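Each remark here refers to the structure printed beneath this line.
Here, each number is a calculation from the coordinates, and none is a lab measurement. Since the structure is predicted, the reported quantities are computational estimates derived from the model, not experimental observations. Here Cβ is always computed from backbone atoms with ideal geometry, including for glycine, and neighbour counts include all displayed protein chains.
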């Protein structure tokens, strides 16, 4: 019987966790939208600074842009995986 009690308790915890996980997925989706906005701003700063003679700022913004692009891919992959599992 102790094993059955443990299993029942575990299932309750698992279901509660799954409910919270859905909230986390919603947070990730929201963050992805903000991430797109941030990426667009950095992209604009990079291009504008390059055009108006601020190459150091343009280069720094470009590096950030590339990192944001890579992290967005990872974020999208994580969201897709979570959506499949839930």
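Per-residue Cβ neighbour counts within 10 Å put 14, 72 in the sequence 14, 72, beginning with the fewest. Site pair residue 72 and residue 3 shows an inter-label distance of 5.1 nm when each label is modelled 7 Å from Cα along Cα→Cβ.
Given 4 °C and 1.567 mPa s, compute D for the range 1-47 with the Stokes-Einstein relation, Rh being the Kirkwood radius over Cα pairs; round to the nearest whole µm²/s. Rounded, D is 95 µm²/s. Ordered by the number of other Cβ atoms lying within 10 Å of each residue's own Cβ, fewest first, 10, 39 fall into the sequence 10, 39. Here the label points at residue 22 and residue 36, each 7 Å from Cα along the C-beta direction, are separated by 2.4 nm in the simple model.
For the peptides 40-53, 20-33, what is the packing order when you average, over each peptide's residues, the other Cβ atoms within 10 Å and list the highest mean first? Intermediate results must be reported in sequence, preceding the final value.
Numbers: 40-53: 14.2, 20-33: 11.9.
Sorting 40-53, 20-33 by mean packing, highest first, produces 40-53, 20-33.
Under the simplified labelling scheme, the residue 83-residue 44 pair shows an inter-label distance of 2.7 nm, with each label point 7 Å from Cα along Cα→Cβ. Between the helical axis of 2-51 and the longest alpha-carbon principal axis of the chain there is an angle of about 10 degrees. Taking the Cα atoms only, what angle lies between the long axis of helix 55-85 and the longest principal axis of the chain, rounded to 10 degrees? Relative to the chain, helix 55-85 is tipped by roughly 20 degrees. Once the chain is represented by equal point scatterers at the alpha-carbon sites, with solvent omitted, what log10 I(q)/I(0) does the Debye formula produce at q = 0.23 Å⁻¹? Each listed q maps to, in turn, -1.01.
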